[in-house]
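Following: one structure in structure tokens, then a few remarks.
The values are calculated or read from the model by the stated rules, or taken from the named source; none is laboratory data. Just so we're clear, the structure is a prediction, and the values are computed from it rather than from any experiment. Counting neighbours? That spans all protein chains shown, and the Cβs are built from the backbone with ideal geometry, glycine included. In case anyone asks, the SASA skips ligands and DNA or RNA and just uses the protein heavy atoms, side chains included. Shrake-Rupley method; radii C 1.70, N 1.55, O 1.52, S 1.80 Å.
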Amino acid sequence: MDFVPNSEAEFAAMLQASGVSSFDDLVSCIPAKLKEFRSRLPAPLTEMELVMEMEKLAASNRTSRQVLSFLGAGIYDHFIPPAVDALASRGEFVTAYTPYQAEASQGTLTAIYEYQSYLCAITGMEVSNASLYDGASAVAEAGFLSLQANSNRPRIVHAASLHPEYLATLQTYLAGQKAEFVSAPLKDGVLDLDALAGLVNPRTCALIVQSPNFHGCLEPMAQAADIAHRHGAFFVACVNPISLGLIRPPGEYNADFAVGEGQPLGCPMSFGGPGFGFLTSTKKLVHKISGRIVGQTVDENNQRSFCLTLQAREQHIRREKATSNICSNQALMALRACIHLALLGKRGFQQVAQLNHQRAHAAAAAICGLRGFSLAFKQPFFNEFTIRCPVPSADLLARLEKENLIPGLAVADPNAKSSNLLLVCVTETKTSDDIQRLVKALAAFSTP
Amino acid sequence: MRPPLLNEQSKPGLQAVAFPVTNDPVDLPAEHRRQTPAPLPEVAEVDVVRHFTILSKDNFSVDTHFYPLGSCTMKYNPKVNEYVSALPGFAQLHPLQPASHAQGAMRLIFELEQMLGEICGMDAFTLQPAAGAHGELTGMLIARAAHLARGKPRRKVLVPSSAHGTNPASARLAGFQIVTVPGAPDGLLHPDQVAPLIDEDTAAIMLTNPNTLGVFEEHILEIARMAHEKGALLYYDGANLNALLGLCRPGDMGFDIVHVNLHKTFSTPHGGGGPGAGPVGVKKHLAPFLPSPRAQQNPDGSFSWQHNLPQSIGKMRAFHGNFSVLARAYAYIRALGWEGLRAASRAAIIHANYIKKQLEDKFPAYTNRPCMHECVLMANHLKEAGLTVRDIAKRILDYGYHAPTIAWPIHDCLMIEPTETESKETLDAFISAMRKVAREIETESYTLQHAPHHMPIQRVDEVKAARELRLRD
Amino acid sequence: MSIPNDLKFAASHEWVRMEGDIATVGISDHAQKELTDIVFVELPSAGRQVEAGKECAVVESVKAASDIYAPVSGEITASNDELTANPALANTDPYGKGWFFKVKLANKAELDKLLDPAAYGKSIGE
């Protein structure tokens, strides 16, 4: 099977018209010894065989419809209105190129402009780019931008409650830069502000805090932002976008950058990708941020039009002096988010956040009613919370796996060696029946 | 009249999708509560559906138009790949589910790594990078870690002047200084250009082959020898891999690290700018530095994640890469097999040479040697006509083709990559349009200066966009 | 191409106008034409020390970005806020309202290394 729409007769005609007698003449520049290699690939499949093979592979996974799962920790199972798929799967969007030729790309450009508008609306920030790879790399980009914009400030302070994969990504990205990473300790699941004040100093370029944090707790963002700004450092807020229908947005506590993973906005979990990273900032930093940006302008007839703008920041123009090496964005996923937010609208965006909050709190209360189970931290939370179990959480997971139930993620205790902690996520997709089933299953582990 | 934005269609109280919230009070301290609701539009579902459907019609796309867009490999994106990548067994899978729940996805990852290894002649792959530039950064961080592990950090990376901008930007982000290798008039990289620049402080040389002028780097084996003699690594930017499938392999040329663009060579759609995927392959000696975790097959045939990788550079992103993009590329390779891949590159090369030959009296080729999968043509005499190469690009849109890549890697050039998935009829029609444009350059400069004329909008004012920044409603 | 007689030039296309020991710096008419429509400038703030031949400002058009090199060493005494707000001034009035910044000269001898208008004209093929 291939996708080449020409016959051998046509190839022969094209070769002849090109003044060569065979294909080999066109590739005689390749050294002969490079053409002698042996390697193996599976035999080609017809489309029918391919579909059957892929359906078999997919069927050997256990999905969130087959397993009752309370996993979150960065990727979330949310309701996606069917109109998102219907619109975002249109070939005119899916198979379009990057909109460098504005006149041939108004569809993509307008949608990204609307995406930028909605991201600013929900985060309360002034400026948004057109998206980055994912939440972890968005944190890393914000760290790099902070380093670049503040020469002679090598220190990056982050809350110890930052998602471990985000922290690992930040450290990997900046391994070649002169950056020093300082982890700010926690007290009862959130930043210890007194300790933080001693760690942020005039050599600090950025303070990075995630809220809700990896343990599900809401961080004291406003106080943390004040500490950063007192020393002239940027405050980078990493947030769950779907929480912002209810939770105070970064623009309300003067964050310099608000970043995060956009998957909760209309993107399937898809084993962790693709979602998209978002990066928003204050207006002042617009020339310093990375990634594509769409701007509004007019055409020669003075009609409203959109185009990529501020491209002189980017690698294809500035090469090694660019604000980042990033070239692409996750346009199709940003489009999904844009459609998703438009469908939810002002009210739906509030409702879905409230419903997450309600169901998570109902679940937490029910679980804590079981003897031996308690909330690990006495902090406000959104749709995720950490439970201290009476048994090691890994044992609990292993036993419930047989019942097709994943009650959460076994996590390390930030303060001790205990491994009895379970990070539980309850989104709007979990019904009261689901929650009852979870509580019933956990009751089996309850202490007498 | 341009379509209104959804915010402009907003009517208080409308809502396309509602949720069954109850009126129970929300227990949340005021300091954590949002003060004012996010100003999102209030519209009905039909408004949203019409809006985005109308917008979609303002786009060029591979499904509707030919993109002779050099360096970007805008080939056809098979529909079966969209179907299989969206199967619920993949789409509804959480990345932190235990390996026992994800054996199908992990098999796909493991086997795709193996297949890319066979295609590129590399020993080990990571599928974590989300794009080509992300792969480059991964590769450069691997180079950095490898030199550190040898006990001798190195500071410089050699990059040809014709390289993609991402190459120097990625190397610099990884902490390297960039040394630019100047171009030669014949478009090839010559060992005697590299010799004076490479030394014991050179960590790597980044090359694209075929290079951005569309010609095969004939001296690659000698350059590889020179690099390795100095202890430098050779990095392969896979942007142009679509020329080489089944013909030859970067690994056999001496490359130590490669990245491939699944959204170019392996037919995954560009999505209007992403998501793509940029897997990175390495030779055996660099495998310990690959990002964590790595997929492995256990003795019983099952799959698991290997996390204990003490020399790994770390993580390039959360979780396991752009999985649904990987699934599309996997399906593509399984559908084609070696014969199909070889046929794709063969057709891509024949198509590019055909276009080059048919246009060379109007737009002479930068070099007389046969091109690989793309050709670089010169638009001469533009200045006399008061035109720029951008005017040509905009005019080509009027004829129903996406513009070629322009003004890069040299001034006043058109870089044309037809790919294998266009019919001879399409190529002939494009050639005929290009010949018309060539005539217009001589006689109708006004038409070109103000092109396009038949698109949804006239030429946009990019200067106004940048001077009077308006980046949101 | 306009090349005023009372200025000195760097080969990298910056011009210098001396008033006492204060050098006013901008970019030449030739440079602004090559850059095309300038959309953004980033200027050094007052008090910063700059060194002759080193990058100290940035100018961007839609399709290009260029570093501006300090033609002379010294302390920045002022930068042109009007230009920051309206970068087009560098196109419309490169030798007047489009000035970039002022430097308090640290080393007068550096002026001798700059090109006179005739030599600069020659260097750009005038």
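Kindly list, by first and then second residue, each pair from a residue in region B:461-473 that is without any contact (Cβ under 8 Å) to a residue 12 or more places away in the chain and more than 17 Å from A:E114 (Cβ to Cβ) to a residue that is open to solvent by less than 70 Å² (accessible area, probe 1.4 Å) and of a type in the set (F, W, Y), limited to pairs with Cβ atoms under 7 Å and residues at least 6 apart or on different chains.
So the pair list comes out as B:A466/C:F40.
Taking the stated definitions as given, is B:F52 facing chain A (nearest Cβ under 7 Å), over 20 Å from the mean Cα position of the chain (by Cα) and surrounded by fewer than 21 Cβ atoms within 10 Å (Cβ to Cβ)?
So B:F52 fails the test.
Starting from residues that are surrounded by fewer than 16 Cβ atoms within 10 Å (Cβ to Cβ) and acidic (D, E), keep the ones in region B:5-49 and report whichever is farthest from the other protein chains (Cβ to nearest Cβ).
Taking the candidates together, the pick is B:E8.
Please pick out the residue among B:L197, B:L245, B:L234 that is more than 10 Å from chain A (Cβ to nearest Cβ) and in contact (Cβ under 8 Å) with a residue 40 or more places away in the chain. If you could, list the steps in order and put the result at the bottom.
Numbers: B:L197 fails: in contact (Cβ under 8 Å) with a residue 40 or more places away in the chain; B:L234 fails: in contact (Cβ under 8 Å) with a residue 40 or more places away in the chain.
Matching residue, one of B:L197, B:L245, B:L234: B:L245.
When region A:129-141 is examined, which residues are found to be of a type in the set (S, T, Y) and either within 7 Å of chain B (Cβ to nearest Cβ) or open to solvent by 10 Å² or more (accessible area, probe 1.4 Å) (or both)?
If the condition is that a residue be of a type in the set (S, T, Y) and either within 7 Å of chain B (Cβ to nearest Cβ) or open to solvent by 10 Å² or more (accessible area, probe 1.4 Å) (or both), then A:Y133, A:S137 are the ones that fit.
Residue check, A:G189 against (1) at positive phi; (2) open to solvent by 30 Å² or more (accessible area, probe 1.4 Å), all met but one. Which one?
(2)
Is there any pair with a first residue in region A:144-158 that is open to solvent by 40 Å² or more (accessible area, probe 1.4 Å) and a second that is of a type in the set (S, T, Y) and in a loop (DSSP other than H, G, I, E, B) whose Cβ atoms are under 8 Å apart and which are 6 or more apart or on different chains, and what are they?
Sorted first by the residue in region A:144-158, then by its partner, the pairs are A:Q148/A:T323.
Quick one: which residue in A:N302, A:N329 is more than 7 Å from every other protein chain (Cβ to nearest Cβ) and more than 17 Å from A:A104 (Cβ to Cβ)?
A:N302
List, please: which pairs have Cβ atoms under 7 Å, are six or more places apart or on different chains, and start with a residue in region B:304-321 that is in contact (Cβ under 8 Å) with a residue 12 or more places away in the chain and more than 7 Å from every other protein chain (Cβ to nearest Cβ) and end with one that is assigned to a loop (DSSP other than H, G, I, E, B) and open to solvent by 30 Å² or more (accessible area, probe 1.4 Å)?
Close Cβ pairs satisfying both conditions: B:S304/B:N298.
Mind checking which residues of region C:3-46 are surrounded by fewer than 18 Cβ atoms within 10 Å (Cβ to Cβ) and under 19 Å from C:G125 (Cα atoms)?
Residues satisfying the conditions are C:P4, C:N5, C:A11, C:S12, C:K33, C:E34, C:T36.
Which is in contact with a helix residue (DSSP H, G or I) (Cβ under 6 Å, 6 or more places away or on another chain), in a helix (DSSP H, G or I) and more than 7 Å from every other protein chain (Cβ to nearest Cβ), of B:A348, B:A335, B:A352?
B:A348
Listed here are the residues, each with its yes/no results for (1) open to solvent by 10 Å² or more (accessible area, probe 1.4 Å); (2) in a loop (DSSP other than H, G, I, E, B); (3) closer than 30 Å to A:L45 by Cβ.
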{"position": "B:A343", "(1), (2), (3)": "yes, no, yes"}
{"position": "B:K357", "(1), (2), (3)": "yes, no, no"}
{"position": "B:D361", "(1), (2), (3)": "yes, yes, no"}
{"position": "B:P409", "(1), (2), (3)": "yes, yes, no"}
{"position": "B:L414", "(1), (2), (3)": "no, no, no"}
{"position": "B:T419", "(1), (2), (3)": "no, yes, yes"}
{"position": "B:D428", "(1), (2), (3)": "yes, no, no"}
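Anything in region B:426-462 that is within 25 Å of A:L279 (Cβ to Cβ) and either over 27 Å from the mean Cα position of the chain (by Cα) or among the hydrophobic types (A, V, I, L, M, F, W, C) (or both)? List them, or say none.
Passing the criteria: only B:V460.
Here is a yes/no grid of residues against (1) modelled with pLDDT under 95; (2) on the phi > 0 side of the Ramachandran plot:
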position	(1), (2)
A:K178	yes, no
A:V200	no, no
A:I227	no, no
A:V236	no, no
A:G245	no, no
A:P249	no, no
A:N254	no, yes
A:M269	no, no
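Go through (1) open to solvent by 30 Å² or more (accessible area, probe 1.4 Å); (2) over 14 Å from the mean Cα position of the chain (by Cα); (3) of a type in the set (S, T, N, Q) one by one and return the number of the condition C:S61 breaks.
Going through the list (1) open to solvent by 30 Å² or more (accessible area, probe 1.4 Å); (2) over 14 Å from the mean Cα position of the chain (by Cα); (3) of a type in the set (S, T, N, Q), C:S61 breaks only (1).
May I ask you to verify whether B:G271 is within 11 Å of chain A (Cβ to nearest Cβ) and free of Cβ contacts under 8 Å to residues at least 12 places away in the same chain?
So B:G271 passes the test.
Do we find a residue being under 30 Å from A:Q101 (Cα atoms), assigned to a loop (DSSP other than H, G, I, E, B) and either out of contact with any Asp or Glu (no Cβ under 7 Å at 6 or more places or on another chain) or not assigned by TED's automatic domain parsing to the domain that holds B:T212 (or both) anywhere in region B:20-33?
Within region B:20-33, none of the residues are under 30 Å from A:Q101 (Cα atoms), assigned to a loop (DSSP other than H, G, I, E, B) and either out of contact with any Asp or Glu (no Cβ under 7 Å at 6 or more places or on another chain) or not assigned by TED's automatic domain parsing to the domain that holds B:T212 (or both).
Could you grab me the full set of residues in region A:332-365 that are touching a residue at least 12 places away in the same chain (Cβ under 8 Å), more than 8 Å from every other protein chain (Cβ to nearest Cβ) and either surrounded by fewer than 24 Cβ atoms within 10 Å (Cβ to Cβ) or among the charged types (D, E, K, R) (or both)?
Those that are touching a residue at least 12 places away in the same chain (Cβ under 8 Å), more than 8 Å from every other protein chain (Cβ to nearest Cβ) and either surrounded by fewer than 24 Cβ atoms within 10 Å (Cβ to Cβ) or among the charged types (D, E, K, R) (or both): A:R336, A:R359, A:A362, A:A364.
Report, by residue number, each residue of region A:247-268 that is open to solvent by 10 Å² or more (accessible area, probe 1.4 Å) and assigned to a loop (DSSP other than H, G, I, E, B).
A:R248, A:N254, A:D256, A:P268
Scanning region A:85-127 for residues that are within 29 Å of B:H450 (Cβ to Cβ) and among the acidic types (D, E), which turns out surrounded by the fewest Cβ atoms within 10 Å (Cβ to Cβ)?
Among those that are within 29 Å of B:H450 (Cβ to Cβ) and among the acidic types (D, E), it is A:E92.
Out of region B:371-406, which residues are within 11 Å of chain A (Cβ to nearest Cβ) and either without any contact (Cβ under 8 Å) to a residue 40 or more places away in the chain or of a type in the set (F, W, Y) (or both)?
Hits for region B:371-406 are B:R390, B:A393, B:Y401, B:I406.
Given the conditions (1) more than 14 Å from every other protein chain (Cβ to nearest Cβ); (2) over 24 Å from the mean Cα position of the chain (by Cα); (3) free of Cβ contacts under 8 Å to residues at least 60 places away in the same chain; (4) outside any helix (DSSP H, G or I), report the number of the one that A:K178 does not fulfil.
(1)
Cβ-Cβ distance below 8 Å, separation of 6 or more or different chains: which pairs start in region B:336-347 with a residue that is over 17 Å from A:E36 (Cα atoms) and end on one that is basic (K, R) and at pLDDT 95 or above?
Sorted first by the residue in region B:336-347, then by its partner, the pairs are B:A344/B:K75.
It is to be established whether one or more residues within region A:180-192 are assigned by TED's automatic domain parsing to the domain that holds A:C267, over 24 Å from A:A73 (Cα atoms) and hydrophobic (A, V, I, L, M, F, W, C).
No; the residues of region A:180-192 include none that is assigned by TED's automatic domain parsing to the domain that holds A:C267, over 24 Å from A:A73 (Cα atoms) and hydrophobic (A, V, I, L, M, F, W, C).
If I filter region A:13-63 down to residues being more than 30 Å from B:Q103 (Cα to Cα) and of a type in the set (S, T, N, Q), which single residue comes out as surrounded by the most Cβ atoms within 10 Å (Cβ to Cβ)?
Within region A:13-63, the subset more than 30 Å from B:Q103 (Cα to Cα) is A:13-37.
Going one step further and asking which of them are of a type in the set (S, T, N, Q), we end up with A:16, A:18, A:21-22, A:28.
Values: A:Q16: 11, A:S18: 21, A:S21: 10, A:S22: 10, A:S28: 13.
Checked region A:13-63; the qualifying residue surrounded by the most Cβ atoms within 10 Å (Cβ to Cβ) is A:S18.
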